[in-house]
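Undergrad: The following block contains the structure, expressed as structure tokens.
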Amino acid sequence: MPVPESILRFEQVVVTYDGVDVLDNVTFTLTAGETRVILGAAGAGKTVLMKTALGLIHPDQGKVSLFNQEITGLREQELFAIRAQVGMLFQESALFDSMTIAENVAYPLFNQAGSQVSREDALARVESILKDVELEHTLDKFPSELSGGMRRRVGIARANVTNPKLVFYDSPTAGLDPITANNIMSLVIKQRDQRNTTTVIVSHRLQDGAMMANYRFNSKTGKIERQVHTAELDQRTKFMVMQKGRIVFEGTEDELHASRDPYVGKFVLQAKSA
Amino acid sequence: MFQFLKAPVATLQDFCLLAAKALANIFRAPHYWDDVLAQMDRIGVGSLPIVMLTGGFSGAVMALQMSKALDTYGASSQVGQIVSITLVAQLGPVLTSLLVAGRNASGIASELGSMKVTEQIDAMRALGTDPVQKLVTPRMLAMTIMLPFLTVVADFVGMVGGWLVALGLIGTTTAMYWTGVYEILEYEDVLQGLIKPLFNGFVISLVGCYYGITTTGGTQGVGRSTTQAVVVSSVWVFVINLFLTQIFVNL
Ligand SMILES: Nc1ncnc2c1ncn2[C@@H]1O[C@H](COP(=O)(O)OP(=O)(O)O)[C@@H](O)[C@H]1O
Ligand SMILES: [Mg+2]
């Protein structure tokens with residue numbers, strides 16, 4: 001069996017704000033095609049970890065490599081070429097207020113390094129991906145006219161419009177009602193399975209992780225479907241639990257449920273009661 | 001010792017770094033000319049009414065106040081001279097810059113500040129654009145170009161205000177007033193009156209941008225940045241005015 005390609009690697013990464021280690025010696029490797037679920041309470045450092053992975057935050061110590069290229073120490077202009085292969089949904093969507101939905105989704109097509117798209121191709125692509133997230137009727141609306149859930153969907157479209165190999169989702173379900181949250185999770189899974197992207201998702205809800213691990217998009221029915229939880233399926237999704245900047249657990253869903261760590265236990269318990 | 005200086009010096013250093021980057025970006029692709037034009041419209045055209053109003057009233061009030069003093073020397077015919085030299089060299093640039101600082105440094109800081117706290121600036125970087133290139137440079141260019149224009153407008157409307165008062169209340173003739181206006185102005189005064197807003201525009205826009213993109217702490221932080229941007233840029237207007245006046249006085 002060939003060794004899977006390393007997509008993202010953190011080596012003893014430390015990020016410090018005002019004397020506090022917001023990321024404390026974080027080490028992990030993400031391989032191609034893998035799904036990674038990052039769980040943790042508010043303030044655990046999940047967002048900082050994602051931004052560090054994209055080179056938006058420069059670590060104080062340690063090394064970060066994206067697609068086997070070390071990005072620590074690269075200049076912003078050099079980072080653009082690497083970031084062009086990564087999509088990201090920010091926590092509150094971070095859509096540009098001053099632009100329409102179509103302009104927001106088209107933004108990476110026109111601005112990302114090395115992207116050469118004609119106006120017509122861009123519009124076609126924007127229309128098709130907005131259709132994917134069921135928002136084809138909002139092209140000329142502004143973000144302020146949409147609900148929180150709709151903005152997340154636009155964010156998902158913007159993160160995937162360039163067909164990136166790796167996509168980050170920062171708390172896509174935070175602050176949403178359960179029905180909208182499930183809808184968002186289906187769209188995330190659909191985007192992942194249509195193009196087999198390596199996916200990193202941050203959440204404070206264990207059930208989001210369980211969905212990522214156990215559901216697959218079926219292109220024939222156009223729906224996501226629950227799979228039988230085999231050992232092989234279990235291996236495809238890795239969970240990571242963060243507490244105060246440290247990774248306190250890394251493993252599969254089965255291992256997560258078997259974990260004896262008291263903090264991890266709390267997460268599993270809280271999800272079961274919910 | 002001098003620990004208390006650490007934070008302000010670091011701020012000044014960051015500010016200068018931002019200014020250098022914004023300037024360097026003028027000579028580097030990509031250029032966002034659409035944004036420059038949009039900002040010129042917002043800063044220049046948008047500020048026009050308030051700048052004209054303030055200019056007009058300043059000229060009128062100055063003429064009124066001066067006419068009384070001039071009258072005691074029997075020199076009320078010279079009101080045109082006084083109004084024009086004061087407006088062009090000092091009051092016009094300072095007043096216009098202060099107005100624009102209040103109106104646009106706050107606008108810029110709150111706009112960029114909201115973008116910062118809602119991660120739009122991070123998103124911009126993630127999606128392949130340099131926020132300094134896309135946000136700071138256009139605002140800097142727009143304001144540096146527009147502020148001298150606004151100042152000229154304020155000066156002119158101020159002179160008209162003074163003229164109306166001179167004509168209606170003091171009883172000088174139109175010819176006398178405008179001849180005075182024209183004769184007193186030297187080349188250096190006009191130059192001074194144009195260079196000051198050039199520098200002010202540069203600094204006001206960058207102060208607004210600086211406080212905007214360094215905003216932290218949510219919506220509360222946006223309010224804080226906005227206030228700081230107005231206060232700091234207003235102080236800079238006075239400091240720049242003092243420096244440049246000193247240079248021109250010794251010319
Ligand atoms: N720019 C910053 N300046 C100072 N502290 C920060 C900054 N960004 C994040 N932090 C701190 O880092 C910690 C982790 O933040 P974050 O990664 O946003 O948490 P979460 O896991 O909820 O996404 C928090 O305590 C937060 O206050
Ligand atoms: Mg977060």
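Undergrad: Could you work out, residue by residue across A:39-48, how many beta carbons of other chains sit within 10 Å of that residue's beta carbon, and then give the average as an integer? Don't skip to the end; give the middle numbers.
TA: Details: counts 0, 0, 0, 0, 0, 0, 0, 0, 2, 0.
That average works out to 0.
Undergrad: Under unit Cβ charges (Lys, Arg +1; Asp, Glu -1), what dipole magnitude, rounded to 20 debye, does chain A have relative to its Cα centre?
TA: 420
Undergrad: Here is a follow-up. Under a 5 Å amide H to amide H cut-off, with H placed in plane at 1.01 Å, what residues pair with A:Ile224 once short-range neighbours are removed?
TA: So A:Ile224 has HN proximity to A:Asn218.
Undergrad: Let me ask something else about it. Can you tell me the FRET efficiency between A:Lys63 and A:Glu134 if r is taken as the Cβ-Cβ distance and R0 is 35 Å, rounded to the nearest 0.05?
TA: Between A:Lys63 and A:Glu134 the formula returns 0.30.
Undergrad: Continuing with this model, one more query. Put +1 on the Cβ of each Lys and Arg and -1 on the Cβ of each Asp and Glu in chain B; which of B:Ala60, B:Leu164, B:Asn25 then has its Cα farthest toward the positive end of the dipole?
TA: Value computed over the given set: B:Asn25.
Undergrad: Rounded to the nearest 20 debye, what is the charge dipole size of the protein assembly as shown about its Cα centre when +1 sits on each Lys and Arg Cβ and -1 on each Asp and Glu Cβ?
TA: 920
Undergrad: With each pseudo-label sitting 7 Å past Cα toward Cβ, what's the B:Val160-A:Phe110 distance in nm, one decimal?
TA: Result for the modelled spin labels: 3.8 nm.
Undergrad: With Cβ to Cβ distances under 13 Å as the rule, what net charge do the other residues near A:Pro108 carry (K, R +1; D, E -1)?
TA: +3
Undergrad: Tell me the mean residue ellipticity at 222 nm calculated for chain A from its helices only (DSSP H runs of n ≥ 4, each -39500 (n - 2.57), averaged over every residue, nearest 500).
TA: -11500 deg cm²/dmol
Undergrad: Distance cut-off 23 Å, Cα to Cα: go down the list A:Lys46/A:Lys266; A:Lys131/A:Lys190; A:Lys51/A:Lys238; A:Lys46/B:Lys6; A:Lys238/B:Lys116 and report the pairs above it.
TA: Checking Cα-Cα distances, A:Lys46/B:Lys6; A:Lys238/B:Lys116 exceed 23 Å.
Undergrad: Another question about this same structure. Among B:Cys16, B:Cys209, what's the order by accessible area (1.4 angstrom probe), most exposed first?
TA: The most accessible residue leads, giving B:Cys16, B:Cys209.
Undergrad: Given the whole protein assembly as supplied and a 1.4 Å probe, what does the accessible area of B:Thr11 come to in Å², nearest 10?
TA: 50
Undergrad: For the stretch B:33-250, what is the charge dipole size about the Cα centre, in debye to the nearest 20, if Lys and Arg each add +1 at the Cβ and Asp and Glu each add -1 at the Cβ?
TA: 440
Undergrad: Using a basic spin-label model with each label point 7 Å from the Cα along Cα→Cβ, how many nm lie between B:Thr173 and B:Ala20?
TA: 6.1
Undergrad: Still on this structure, I have one more. Looking at the stretch B:116-204, which GluC sites (Glu not before Pro) are in a loop (DSSP not H, G, I, E or B) and have at most 15 other Cβ atoms within 10 Å?
TA: Numbers: sites: B:Glu119, B:Glu183, B:Glu186, B:Glu188; in loops: B:Glu119, B:Glu186.
Those that pass, being in a loop and sparsely packed, are B:Glu186.
Undergrad: Ok, one more. Once you put a point 7 Å from the Cα of A:Glu127 and another 7 Å from the Cα of B:His31, both along the Cβ direction, what distance in nm separates them?
TA: Going by the 7 Å Cα→Cβ label model, 3.4 nm.
Undergrad: Ranked highest first by the average count of other Cβ atoms within 10 Å around their residues, in what order do B:243-251, A:85-93, A:70-78, B:74-82 fall?
TA: A:85-93, B:74-82, A:70-78, B:243-251
Undergrad: Beta carbons within 10 angstrom, averaged per residue: use that to sort the peptides A:44-55, B:162-173, highest first. Can you show the working numbers first?
TA: Numbers: A:44-55: 23.3, B:162-173: 18.3.
Most protected by this proxy first, the peptides run A:44-55, B:162-173.
Undergrad: How charged is the neighbourhood of A:Pro59? Take every other residue with its Cβ under 14 Å from the Cβ of A:Pro59, and add Lys/Arg as +1 and Asp/Glu as -1.
TA: -2
Undergrad: What is the mean number of Cβ atoms from other protein chains located within 10 Å of the Cβ atom of each residue in peptide A:107-113, rounded to a whole number?
TA: For peptide A:107-113, the averaged partner shielding equals 4.
Undergrad: A further question on this structure: Provide the per-residue ³J(HN,Hα) series for the stretch A:236-250, in order, calculated from phi with Karplus coefficients 6.51, -1.76, 1.60 and θ = phi - 60°, each as a whole number of Hz, with x at glycine and proline positions.
TA: With the stated coefficients, the stretch A:236-250 comes to 6, 10, 10, 9, 9, 10, 10, 9, 6, x, 10, 8, 9, 8, 9 Hz.
Undergrad: Helix-only mean residue ellipticity at 222 nm, chain B, DSSP H runs n ≥ 4 weighted -39,500 (n - 2.57), per residue, nearest 500. What is it?
TA: The per-residue figure over chain B is -25500 deg cm²/dmol.
Undergrad: If you take every DSSP beta bridge whose two residues both sit in chain A, what share of them, in percent to the nearest 5, is antiparallel?
TA: Expressed as a percentage, antiparallel bridges in chain A total about 55.
Undergrad: When all protein chains stay in place, what accessible area (Å², nearest 10, 1.4 Å probe) is found for A:Phe217?
TA: That residue has around 40 Å² of solvent-accessible surface.
Undergrad: At a Förster distance of 22 Å, what's the computed FRET efficiency of A:Glu78 paired with B:Ala10, Cβ-Cβ distance as r, to 0.05?
TA: Step by step, r from the Cβ atoms, then E = 0.25.
Undergrad: For the stretch A:67-77, just list the computed ³J(HN,Hα) in residue order, Karplus coefficients 6.51, -1.76 and 1.60, θ = phi - 60°, integers in Hz, with x standing in for Gly and Pro.
TA: Residue by residue, the stretch A:67-77 yields 6, 6, 10, 6, 9, 5, x, 6, 7, 3, 4 Hz.
Undergrad: Additional query: Let me know the mean shielding of A:158-168 by other chains, meaning the per-residue number of their Cβ atoms within 10 Å of its Cβ.
TA: 1
Undergrad: What is the sum of charges around A:Arg119, taking Lys and Arg as +1, Asp and Glu as -1, for the other residues whose C-beta is under 13 Å from the C-beta of A:Arg119?
TA: -3
Undergrad: Still on this structure: Heavy-atom accessible area of B:Ser233 with all protein chains present, probe 1.4 Å, nearest 10 Å²?
TA: About 0 Å², ignoring ligands and nucleic acids.
The values are calculated or read from the model by the stated rules, or taken from the named source; none is laboratory data. This is a predicted model, so every value here is computed, not measured. So basically every Cβ, Gly included, is an ideal-geometry build from the backbone, and we count neighbours across all protein chains shown. These accessible areas exclude ligands, DNA and RNA; they are computed on the full protein's heavy atoms, side chains included. Shrake-Rupley method; radii C 1.70, N 1.55, O 1.52, S 1.80 Å.
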